Structures are given as structure tokens and as C-alpha cells.
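Visitor: A single structure is presented below for examination.
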Amino acid sequence: MPVLCKEITLNKTAFMRCQGMLALVLVLLLAAGCAAPTAMPIPTVDLSSPSPAPAASLGSTLSGTGDVSRTLLTYDDLMNGFVASSPVDNAALALPAQAAPPEHSFEGRLELLGEDAAGEMLVLFGDPEQEREVPHLPESDFVFVQSGDYLVPVQRGLIIAEHPYWNLILEPGRVWSETGDHGYSRASFPFALVWKGSNATFNGVMTFLFDDENISNIWYQVTQETTISLKANMWGLLQADYHPGPVLEAAQVRAAFDQELLARFPSKPIEQLAENYPGVDATAFGRGVTSATMTWYGFVVNGVNYVGGCQTRYGPYPYCEAMRAPSYSTAKSAFVSVALMRLAQKYGSNVPDLLIRDYVPEAAESPGDWSDVTFNDTLDMASGNYRTAVYMVDEESWDTDPFWSSEYYPDLIVAAFNWPHSAPPGTRWVYRTSDTFIVTRALHNYLQTIEGPGADIFEFVVDEVYKPLQISPGTYTVLRTRDEDWQGQPYGGLGQWWIPDDLAKITTLLNVDDGMIDGRQILHPDVLAAALQRNPDDRGVDIGPGSKYNNAFWANVYRSGYMCEVWVPQMLGYSGIVVALFPNGTAYYYASDNREFTWDAALSEANKIIPMCQ
């Protein structure tokens with residue numbers, strides 16, 4: 001029987017539901033006049049006229065001779081085909097050191113052919129039935145423009161495919177020339193496969209040769225994932241067509257991408273941390289996490305993002321800077337809590353004290369008591385409506401909690417309120433992602449009372465926080481309920497995808513710039529201070545000895561080994577996602593999928609650079 005294990009993953013708990021064949025449909029709207037459900041507007045390609053000269057861009061940064069010693073994915077391999085029993089070393093898909101500037105400019109559609117008859121899949125962990133059922137990619141079509149030696153997908157962020165199970169994320173790649181490619185230019189680009197209705201993410205790369213009119217076969221491989229339910233390699237050689245033609249939005253796409261490059265947070269390899277700060281043990285960062293399950297990790301200090309990891313089963317990922325990892329429950333902090341902070345700053349400090357019942361009408365049908373529950377109580381996981389306060393039991397009630405059996409808003413909101421009243425609001429912490437779903441809806445409805453019926457709470461955060469912060473366009477979309485072709489309400493408790501640059505900017509906004517962007521206060525300082533444990537009169541709700549939860553941020557206190565009481569707030573995500581905000585203004589983060597949560601070693605080394613107690 002065909003099986004897809006759809007994983008909705010949350011902080012320190014998991015949900016598996018089987019529902020049909022695992023497959024991928026990468027369906028994009030590529031010509032004017034067509035329509036498809038997408039997370040962002042799709043580009044148009046005008047094939048009726050010749051392609052114009054590329055618009056001005058940053059230009060090529062390559063200065064190599066093109067003399068590359070290549071034994072994998074050679075010109076003959078890509079042009080004439082070859083038999084592969086596994087993926088190849090990722091170095092074969094990466095920009096080589098001697099890459100020369102590209103001889104051609106790619107603009108138009110990249111159409112894959114014959115996907116149903118080519119490609120392999122090897123399940124390393126999980127349901128082996130998926131090997132037999134889904135070894136192939138389905139029909140796929142992409143639109144790209146070129147900016148200098150970068151290959152830029154026109155549609156960024158989460159792309160909603162028409163297939164019932166899978167979505168896609170595309171990221172910018174590179175274009176270059178090698179002397180052995182007989183006058184063709186060579187390109188590669190990173191992509192991620194994402195389970196629909198979930199955060200689970202599989203990272204891969206595609207590569208091909210092209211000139212002004214023709215294209216080689218395309219090699220693809222997927223060799224890394226961040227999810228606990230399935231580990232699998234996918235690979236194959238596919239035929240393709242290149243449809244060159246001017247993309248109507250090309251100039252805007254190039255300009256936006258050039259600005260994206262200029263706005264990237266300064267970054268260095270993690271190994272350079274010890275060089276820049278003698279006496280610091282760089283190996284402490286990443287310690288305690290099984291190396292085979294680490295996606296990437298980083299440490300942000302004094303305006304530099306030191307990044308490590310980005311390993312796959314076939315060598316380093318060629319595009320570490322574009323390697324997407326799921327947010328899981330870090331979305332509770334970086335989206336929903338940030339939304340509350342921005343609303344409080346823009347529309348009044350009383351927003352956290354507004355009542356859920358006044359903004360979510362379904363509360364009236366709840367078996368619990370929501371008469372006095374505030375936005376802040378619900379964000380704190382302290383609504384007082386729960387069945388048991390035993391750690392994570394309510395959250396893990398997969399068989400009895402209908403919240404996990406639907407993907408449509410009307411079903412989900414009723415299920416989210418389906419809890420009895422058990423304690424006064426604000427007094428008892430009981431972790432449930434369904435509470436985050438409720439407060440996300442409350443914030444959304446409140447925003448509409450101010451800005452009108454067209455307002456959307458996630459787009460509000462994108463426009464008011466993410467874009468001014470210049471985090472990557474891949475973060476401007478979010479997992480939503482299935483209503484209106486997956487364009488319903490954001491889940492809130494999960495459903496974003498980070499790259500290291502995103503987390504460097506977000507942690508700096510919160511932990512260094514005190515919620516200010518370019519000298520302007522964006523996030524309410526008091527709400528932010530409470531979340532980061534900077535207000536001793538507002539620690540939030542007790543989790544256990546030495547642990548608190550406040551405004552969707554976890555926190556632990558350290559009273560030994562330091563000269564003062566040290567509080568460390570964190571954003572945490574189910575599979576092993578950690579974003580720890582140290583009180584000395586540094587931050588440590590990683591994405592992994594072995595459910596390992598640790599930052600003590602990193603905290604100790606960070607203290608050597610900037611003492612926690614000053």
C-alpha cells in the first residue's frame with residue numbers, strides 16, 4: 001500500500017499520519033494566462049520576442065581560467081547520459097575554484113522531461129515501501145533569470161504545488177564556465193522538498209549545461225534532510241528543455257537579489273572563531289549534537305556570523321548559505337511573539353492584555369473557560385484550559401486530540417478550543433501548539449479591526465519586521481491551513497524555513513538592537529524585555545526548577561560558574577532546533593534532527609569572549 005508519513009512536528013514531540021503515496025509535483029505557472037495555487041506571484045515569460053540583453057547587475061565575480069579537472073558530471077555525462085547507482089560527491093555540483101565567468105546568460109523556463117521514468121530513491125531510515133512507490137520526480141517547470149554569475153529563481157519562498165503531498169523551495173545558484181564544456185556554460189542551484197502540511201525539509205541540488213538555445217540533461221540529487229521520520233537519498237538524470245525568453249519581472253528580480261547579496265550578515269567559517277578570539281574552543285559549538293544529524297550551526301558575536309556544519313551524506317552542501325532548515329516551534333517565537341511585540345509597539349501596550357474571547361468567536365463554544373484569558377496568557381501556554389499538567393502529555397495526545405486530524409481552519413479552531421477549564425489563566429504552564437494556533441488567530445482578527453479585512457498577521461510581520469530587517473525572501477512565506485489552496489491561516493506554531501543568515505539577523509534584532517531597526521523602535525521594548533528575561537518582575541510561567549516560559553520563549557537560569565545570575569532565553573523547535581540568546585549579546589543556534597537540545601558548552605565559550613556578568 002502506498003504510504004506517505006506526514007509529519008507535523010512540534011517542540012519535543014511528533015505526530016505521524018499516513019495518507020497516501022509519497023510523491024512530488026513541482027508545478028509552477030510559467031506562461032501568461034495560466035493559474036496555479038502559489039505562495040507568491042508567479043512570473044510571466046514572453047516567448048514572442050528575442051531575449052534582451054541582461055539588465056544591469058552586480059556582474060560576475062569569477063576570475064578563474066575555467067581549467068577544471070572534472071571526473072564527475074562531465075560534459076559527456078550530462079550530454080549523453082550515464083548510469084548512476086547513487087548520488088555523487090556534492091563537490092561535482094559546486095562552483096569550482098577555477099570557475100571562469102559564464103559565457104551565456106540564462107533567462108526563461110527550465111522544463112524537466114520524463115520524470116516518471118527516471119530517478120532513484122534509497123530509504124536509509126523510515127518506511128522502505130517508499131523506495132518502490134516514489135523513486136521519481138514528477139513533471140517540473142522553473143523560471144530563472146541570471147544576475148552576474150548567479151542563477152536566480154523568480155519565485156522564492158514556499159511554492160505550493162498542485163500535488164496533494166509535496167511543496168518546494170528554490171534558492172539562488174551559480175553559473176560559470178569550464179574549458180571542458182565545449183562552449184557551454186554550467187549551472188547549479190539548491191532546492192528543498194517540503195512535506196505539504198508540515199515543516200519536514202529535504203535539501204538537494206540540480207546542475208546542467210546550457211548555451212543561448214540548448215540545454216543538457218539535468219542531474220539532481222537530495223542527500224540531506226531535517227526530519228526525524230525519514231532519511232533518504234534521491235538522484236537521477238532527467239531530460240530537459242530550455243525555453244529562453246524575457247521574463248517580465250527580470251529587472252526587479254535582479255535588483256532585489258543584488259540588494260539581498262549586499263544585505264547579507266557578515267559571515268565566516270566557525271573555525272575562524274578561534275583565530276579571531278584566541279583561547280576560545282570553536283569545537284564547543286555543535287558539541288552535544290550527533291554530527292550525522294546536524295544540518296548547520298552558528299555563533300553570532302560582534303556583528304559576525306560564524307557558521308559550521310552544512311554536511312551531507314555526500315560531502316559538504318554546495319550552498320551552505322542557502323541550505324533551508326525548518327523552524328518547527330521556533331516560529332512561535334520568531335513569528336507569533338514578534339507579531340505581538342510589533343502590534344504592541346504600533347497600536348498600544350495594552351495589546352497583550354486583550355481577551356481571546358473578544359477576537360476569536362469560536363471561544364464561546366469551548367468546553368473550557370476563556371472569559372478572562374488574554375493574548376499574553378495564551379502565548380505563555382497558560383490559558384488554564386487543559387486536561388493534564390503532566391509534561392507534554394496534552395501535546396502528545398495524537399490519538400485523542402482532533403487538532404492533528406485535519407488541515408482545515410474550521411476543524412482546527414474547534415479542536416484547539418476542545419479543552420476543559422483546569423486552572424486560573426496565567427497560573428499553570430501546559431505546552432500545546434493548539435494554543436499558539438488560537439493566539440495567532442486572535443492577533444490576525446485584532447489586526448483586521450485596525451487595518452481592515454484584507455490584513456493578514458503573517459504579511460504584517462513580513463512587511464513590518466522581516467523586510468526592514470532584510471532577512472531572505474525565502475522567509476516571506478509560511479505554512480498555512482489547507483483552506484483556499486493552502487492559503488488559509490498560518491499555523492503559527494510551526495511552518496517557516498530558516499537559513500543561517502536569517503537567524504543571525506533575527507537574533508541581532510532581539511538580543512543586540514533591542515527591537516530597533518535603523519534606529520527606529522519596531523518591537524515593544526517591555527514585551528521584548530519580558531521575553532528575554534530582562535525584567536525580574538516578569539519572568540513568565542514556571543516550567544520546572546530554574547526554567548520559565550514567557551512570550552513563547554523558553555528560559556533557563558545559571559547560578560554557578562558565573563559571577564551573577566545568568567538567564568538564557570531560547571527559541572526551540574521539535575526535531576532539535578535551538579536558538580539560544582546569551583545575555584552578553586551573543587547568540588548560538590543550530591538545526592538538527594536527533595532531538596538533542598544543548599547550549600551549555602557554547603555558553604561557557606561565549607563567556608570567554610564577552611563576560612556574561614559586567
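The values are calculated or read from the model by the stated rules, or taken from the named source; none is laboratory data. In this text the structure is predicted, and so the values were computed from the model without any measurement. Virtual Cβ from ideal backbone geometry, glycine too; neighbours counted across all protein chains shown.
Visitor: Condition first: modelled with pLDDT of 75 or more and either in contact with a Cys (Cβ under 8 Å, 6 or more places away or on another chain) or over 30 Å from Thr61 (Cβ atoms) (or both). Now tell me which residues in the stretch 129-160 satisfy that. Write out each step before concluding.
Guide: First, pick out the residues of the stretch 129-160 that are modelled with pLDDT of 75 or more: 140-160.
Scanning the stretch 129-160 gives a single hit, Ile160.
Visitor: Would you confirm, using the coordinates I've provided, whether Ile471 is surrounded by 24 or more Cβ atoms within 10 Å (Cβ to Cβ), modelled with pLDDT of 95 or more and under 17 Å from Pro361 (Cα atoms)? Spell out how you get there, then give the answer.
Guide: Details: surrounded by 24 or more Cβ atoms within 10 Å (Cβ to Cβ): yes; modelled with pLDDT of 95 or more: yes; under 17 Å from Pro361 (Cα atoms): no.
Considered against the rule, which asks whether it is surrounded by 24 or more Cβ atoms within 10 Å (Cβ to Cβ), modelled with pLDDT of 95 or more and under 17 Å from Pro361 (Cα atoms), Ile471 comes out as no.
Here is a yes/no grid of residues against (1) over 15 Å from Thr330 (Cβ atoms); (2) in contact with a helix residue (DSSP H, G or I) (Cβ under 8 Å, 6 or more places away or on another chain); (3) assigned to a strand (DSSP E or B):
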residue	(1), (2), (3)
Thr507	no, no, no
Trp554	no, no, yes
Ser575	no, no, no
Val578	no, no, yes
Asn584	yes, yes, no
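Visitor: I would also like to ask the following. Please verify whether the stretch 101-124 includes one or more residues that are surrounded by fewer than 15 Cβ atoms within 10 Å (Cβ to Cβ), assigned to a loop (DSSP other than H, G, I, E, B), modelled with pLDDT of 95 or more and in the same structural domain as Val247 (by TED's automatic domain parsing).
Guide: So far as the stretch 101-124 goes, no, none of its residues is surrounded by fewer than 15 Cβ atoms within 10 Å (Cβ to Cβ), assigned to a loop (DSSP other than H, G, I, E, B), modelled with pLDDT of 95 or more and in the same structural domain as Val247 (by TED's automatic domain parsing).
Visitor: Moving on. Among the candidates Thr507, Thr477, single out the residue that is more than 16 Å from Val194 (Cα to Cα), crowded, with 21+ Cβ neighbours inside 10 Å and hydroxyl-bearing (Ser, Thr, Tyr).
Guide: Values: Thr477 fails: more than 16 Å from Val194 (Cα to Cα).
On inspection, the qualifying residue turns out to be Thr507.
Visitor: If you check every pair at least six apart or on different chains, which have Cβ atoms under 8 Å apart with a residue in the stretch 476-487 that is closer than 13 Å to Phe335 by Cα first and a residue that is assigned to a loop (DSSP other than H, G, I, E, B) and among the hydrophobic types (A, V, I, L, M, F, W, C) second?
Guide: Matching pairs, first to second residue: Tyr476/Met40; Thr477/Ala39; Thr477/Met40; Leu479/Leu494.
Residue by residue, here is whether (1) surrounded by fewer than 23 Cβ atoms within 10 Å (Cβ to Cβ); (2) touching a strand residue (DSSP E or B) at 6+ places or on another chain (Cβ under 6 Å) holds:
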position	(1), (2)
Leu532	yes, yes
Asp537	yes, no
Ile543	yes, yes
Asn551	no, no
Trp554	no, yes
Arg559	yes, no
Val566	yes, yes
Pro569	no, yes
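Visitor: Turning to a different aspect of this structure: Select from the stretch 338-372 the residues that are among the small types (Gly, Ala, Ser), farther than 26 Å from Pro410 by Cβ and in a helix (DSSP H, G or I) and list them in ascending order.
Guide: Listed by number, the list holds a single entry, Ala344.
Visitor: Among Arg264, Arg254, Arg186, which is the only one that is farther than 30 Å from Tyr408 by Cα, buried (at least 24 other Cβ atoms within 10 Å of the Cβ) and of a type outside the set (A, V, I, L, M, F, W, C)? First the steps, then the outcome.
Guide: Values: Arg264 fails: buried (at least 24 other Cβ atoms within 10 Å of the Cβ); Arg254 fails: buried (at least 24 other Cβ atoms within 10 Å of the Cβ).
Exactly one residue qualifies, and that residue is Arg186.
Visitor: Among the residues of the stretch 595-610, how many are outside any helix (DSSP H, G or I) and either modelled with pLDDT under 95 or of a type in the set (D, E, K, R) (or both)?
Guide: 2
Visitor: In a loop (DSSP other than H, G, I, E, B), at negative phi and at pLDDT 95 or above: does that describe Leu95? If you could, list the steps in order and put the result at the bottom.
Guide: Details: in a loop (DSSP other than H, G, I, E, B): yes; at negative phi: yes; at pLDDT 95 or above: yes.
Judged against the criteria, Leu95 is a match.
Visitor: Something else now. Mind checking whether some residue in the stretch 157-170 is in contact with a helix residue (DSSP H, G or I) (Cβ under 7 Å, 6 or more places away or on another chain) and of a type in the set (Val, Ile, Thr)?
Guide: Residues of the stretch 157-170 that are in contact with a helix residue (DSSP H, G or I) (Cβ under 7 Å, 6 or more places away or on another chain), as a first pass: 157, 160, 169.
Now restrict to residues that are of a type in the set (Val, Ile, Thr): 160, 169.
So far as the stretch 157-170 goes, yes, one or more of its residues are in contact with a helix residue (DSSP H, G or I) (Cβ under 7 Å, 6 or more places away or on another chain) and of a type in the set (Val, Ile, Thr).
Visitor: Turning to a different aspect of this structure: Which members of the stretch 360-378 meet the condition of being touching a residue at least 12 places away in the same chain (Cβ under 8 Å) and touching a Lys or Arg at 6+ places or on another chain (Cβ under 8 Å)? Lay out the reasoning, then the answer.
Guide: Initially, the stretch 360-378 is screened for residues touching a residue at least 12 places away in the same chain (Cβ under 8 Å), giving 360, 362-363, 365-378.
If the condition is that a residue be touching a residue at least 12 places away in the same chain (Cβ under 8 Å) and touching a Lys or Arg at 6+ places or on another chain (Cβ under 8 Å), then Val360, Ala363, Trp370, Ser371, Val373 are the ones that fit.
Visitor: Quick one: Gly384 ticks every box in (1) at pLDDT 95 or above; (2) small (Gly, Ala, Ser); (3) more than 19 Å from Ile543 (Cα to Cα) except a single one, so which number is it?
Guide: The failed condition is (3).
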